[in-house]
Amino acid sequence: PPPPPPPPPPPFFSQAEDGIRDQPRARGRGDVYKRQAGRVDVGAELYRNTGCYECHSNEAQGGAQGPRIGPNPVSFPRFTWYVRNPSGSMPTYTDLVMSDQDLADVYAFLEARAQPPEVSSIPLLAP
């Protein structure tokens with residue numbers, strides 16, 4: 001028989017709501033969207049080694065193949081769900097490829113990206 005369909009995506013929680021609302025459950029794995037403490041340095045290495053930079057660029061600012069995912073990424077539940085159940089040309093990263101802790105580490109790396117400068121502060125782009 002075919003595998004069961006993926007669980008529905010969690011709603012777009014704000015960062016403040018991530019730890020407040022009940023987290024969705026998926027296929028009997030328990031609290032799969034519960035956020036673990038992430039390590040920025042490990043996340044940076046995973047981001048490079050698993051090829052995220054190839055589509056999302058070195059600083060997660062987005063590129064020709066993938067959207068901007070940092071800084072200020074979507075909520076951790078949404079991020080986790082999409083990495084596990086992507087659409088389009090993004091490969092699926094099962095928990096055999098990237099553990100929940102790996103995802104928390106990559107997410108910490110995304111959160112730690114510097115904000116881009118204001119356009120008005122760049123002389124060639126300023127109005």
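Below is a table of values for the structure above.
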quantity: Extension gain (nm, one decimal) between Ile122 and Gln101, 0.36 nm per residue minus Cα-Cα; calculated: 3.8 nm
quantity: 5 Å-binned pair-distance histogram of segment 35-93 (Cα, whole percent); calculated: 4, 17, 25, 36, 15, 3, 0
quantity: Extension gain from Asn49 to Ala114, taking 0.36 nm per residue of separation minus the Cα-Cα distance; calculated: 21.3 nm
quantity: Charge tally in the Cβ shell below 14 Å around Ala112, where Lys, Arg are +1 and Asp, Glu are -1, Ala112 excluded; calculated: -3
quantity: Solvent-accessible area, 1.4 Å probe, carbon plus sulfur percent, for segment 53-124; calculated: 56
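The values are calculated or read from the model by the stated rules, or taken from the named source; none is laboratory data. Keep in mind that this is a model prediction, so the values were computed, not measured. In this analysis, Cβ positions are derived from the backbone assuming ideal geometry, glycine residues included, and neighbour counts consider all displayed protein chains. The area values use the complete protein model at the heavy-atom level, side chains included, leaving out ligands, DNA and RNA. Shrake-Rupley method; radii C 1.70, N 1.55, O 1.52, S 1.80 Å.
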